Amino acid sequence: MILGSATSIALHGLEGYAIRVEAQLTNALPALIVSGLPDAACRQAPERVRAACSSAGAPLPTKKIVVNLSPASVPKSGTGFDLAIACAILAAGEVLSARLCAAVVHLGELGLDGSVRAISGVLPALSCAVKEGVTDAVVPVANAAEAALVEGLRIHPVAGLPEVIGCYREFGAPERWPMPELPRASAVAGRSVPDLADLAGQSEARAAVELAAAGGHHLMLMGPPGSGKTMLAERLVGVVPPLSVEGALEVLALRSLKGETRSGAGLDLTPPFVAPHHGSSLAAMVGGGSAPIRPGAVSMAHRGVLFLDEAPEFRIDVLQALRQPLESGSVTIARARDTVTFPARFQLVLAANPCPCGLGSGKALQCSCTPMRRRAYAARLRGPLLDRVDLQVHVPAVRRSRTLTVAGESSAAVAARVTTARRVAAERWRAHGWERNADVPGPALRLGPHALSRAVTAGLDRALEAGRLTLRGYDRTLRLAWTQADLVGHGSPTAEDVGMALALRTSEQLGVA
């Protein structure tokens, strides 16, 4: 009986577990068996490993080979264990050093020609490896840029299994392997975002977008087709501050789970913008699947913007599923055998027409919708969801042709004011660990040193007593008022700031209350 081992990583959401890949050779009928709760893709590894080893000039011995993925109680999914399985078997056959292979994390899918191919989830897997005390990792060349973003780990990108065998034989310990020049997390990049200057007119809607960006508030834009709702939403990520390196790594880890491997160097600090189609399923929106469970649109928009264009066209169950992550900033997906939690702290932007035909704004002289149809359309955006949306703004059609030739304010100018307002809010809430006004709990605004006087909140109190606002809506209006005060330079919200926030908060003007 001959034993060999290697190390790999199994993922459970964004969390990982170190997996010891053990291989045993015995004198019995030739076979290759993989145990330890592998899924369908992992169970097919024997054929890929056998062909890859043969192509690499190291054919497997004609013995019974049993591979165990330990701990066996943790489910293993995907093809990323192929390279570790091959190295463990070669170590058992004394082709490679068993001691060296056991201390190195091996990630990668094997092709029949011996090539090592890209896999998903490399970034969160290697982050787990660092926590486990691993110092070296062998990854596919296609995942090298992504893997290099993990600090505290020596990355060894390889193109094929022959290269792995050659490095172990020629150089021995991985710290003596040739180290290619790879980008690190200090190298940053940003994708191109459309400019607000492209938008004609719509001064009120522009102000609402600036307010939403300054405080991290959720936003609903209601107006006829062609009024600029989608253009406004797409430009929101261009006026919010860039992500921190830690935040960008968290966003990239979620993208890695979805198989969106990086191409090129640097770390994208632009907040994500996710705009799913209105035909999206519940699993596509919040995440799901059987094995493994994958993040949905709400998690892919983490630390960025989730834009639902034509919001009333989404299925009602999909819209209502947003309520819990909007409050908690995370989403938990439960299955009979597994439960996974993904981060989902996003800024929601809804866009909707006033009616199914889209012509129901203003006097609605050309609208062909019946009153019953209009009410049913508006009712799809139910109260519990809208109660979580801070700003609800009407975007009218552009009627003045002279606005078409006047350039609007640029994103850079708006972003400067937004950054200043966020800096003021972050300084005010620094002792509590909150960065934006949208993050502040209601009791901190109603009680204690930051509570506003009754004279300032008189209109807000009347709206609450009249039933026009819920307590959640009351707190969200206070957050809006603080953001407005930060933008205009007031040390504390005035009655005018609270009144404007209340006008933007209430939805009677939209016909969807």
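The values are calculated or read from the model by the stated rules, or taken from the named source; none is laboratory data. These numbers come from a predicted model, not from an experiment. In this analysis, Cβ positions are derived from the backbone assuming ideal geometry, glycine residues included, and neighbour counts consider all displayed protein chains. For the accessible areas, the whole protein counts, side chains as well, though only heavy atoms, and no ligand, DNA or RNA atoms are used. Shrake-Rupley method; radii C 1.70, N 1.55, O 1.52, S 1.80 Å.
For GLY13, indicate whether it is within 17 Å of GLY114 (Cα to Cα), under 25 Å from the mean Cα position of the chain (by Cα) and either surrounded by fewer than 22 Cβ atoms within 10 Å (Cβ to Cβ) or not aromatic (Phe, Trp, Tyr) (or both). So GLY13 fails the test. Of the residues making up the stretch 61-70, those that are touching a Leu at 6+ places or on another chain (Cβ under 9 Å) and either more than 30 Å from ALA291 (Cα to Cα) or not hydrophobic (A, V, I, L, M, F, W, C) (or both) are PRO61, LYS63, LYS64. Here the helices (runs of 4 or more DSSP H) wholly within the stretch 38-147 that include at least 2 residues being surrounded by fewer than 20 Cβ atoms within 10 Å (Cβ to Cβ) are 40-43, 45-55, 98-102, 122-131.
Is it the case that ALA364 is farther than 23 Å from PRO225 by Cβ, open to solvent by less than 70 Å² (accessible area, probe 1.4 Å), assigned to a loop (DSSP other than H, G, I, E, B) and at pLDDT below 95? Against the criterion (farther than 23 Å from PRO225 by Cβ, open to solvent by less than 70 Å² (accessible area, probe 1.4 Å), assigned to a loop (DSSP other than H, G, I, E, B) and at pLDDT below 95), ALA364 does not qualify.
For residues that are farther than 19 Å from GLY216 by Cβ and open to solvent by less than 20 Å² (accessible area, probe 1.4 Å), scanning just the stretch 320-343, find the one that is modelled with the highest pLDDT.
Taking the stretch 320-343 as the starting set, the residues that turn out to be farther than 19 Å from GLY216 by Cβ are 320-321, 332-342.
With the extra rule that they be open to solvent by less than 20 Å² (accessible area, probe 1.4 Å), the set shrinks to 333, 340, 342.
On the way: ILE333: 92, VAL340: 92, PHE342: 96.
Within the stretch 320-343, the match that is modelled with the highest pLDDT is PHE342.
Of the listed requirements (1) free of Cβ contacts under 8 Å to residues at least 60 places away in the same chain; (2) surrounded by 18 or more Cβ atoms within 10 Å (Cβ to Cβ); (3) not in a loop (DSSP other than H, G, I, E, B), GLN392 misses just one: (1).
Residue by residue, here is whether (1) among the small types (Gly, Ala, Ser); (2) over 18 Å from GLN484 (Cβ atoms); (3) over 17 Å from the mean Cα position of the chain (by Cα) holds:
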site: ALA207; (1), (2), (3): yes, no, yes
site: MET220; (1), (2), (3): no, no, yes
site: LEU236; (1), (2), (3): no, no, no
site: VAL240; (1), (2), (3): no, no, no
site: VAL245; (1), (2), (3): no, yes, no
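Set side by side, the residues ALA200, ALA129, ALA147 differ, and just one is under 30 Å from GLU15 (Cβ atoms), among the small types (Gly, Ala, Ser) and touching a helix residue (DSSP H, G or I) at 6+ places or on another chain (Cβ under 6 Å), which is ALA147.
Out of the stretch 434-467, which residues are part of a loop (DSSP other than H, G, I, E, B) and more than 18 Å from LEU243 (Cβ to Cβ)? Can you show your working first?
Taking the stretch 434-467 as the starting set, the residues that turn out to be part of a loop (DSSP other than H, G, I, E, B) are 434-436, 440-441, 447, 451-457, 466-467.
Within the stretch 434-467, VAL440, PRO441, LEU447, ALA451, LEU452, SER453, ARG454, ALA455, VAL456, THR457, ALA466, GLY467 qualify.
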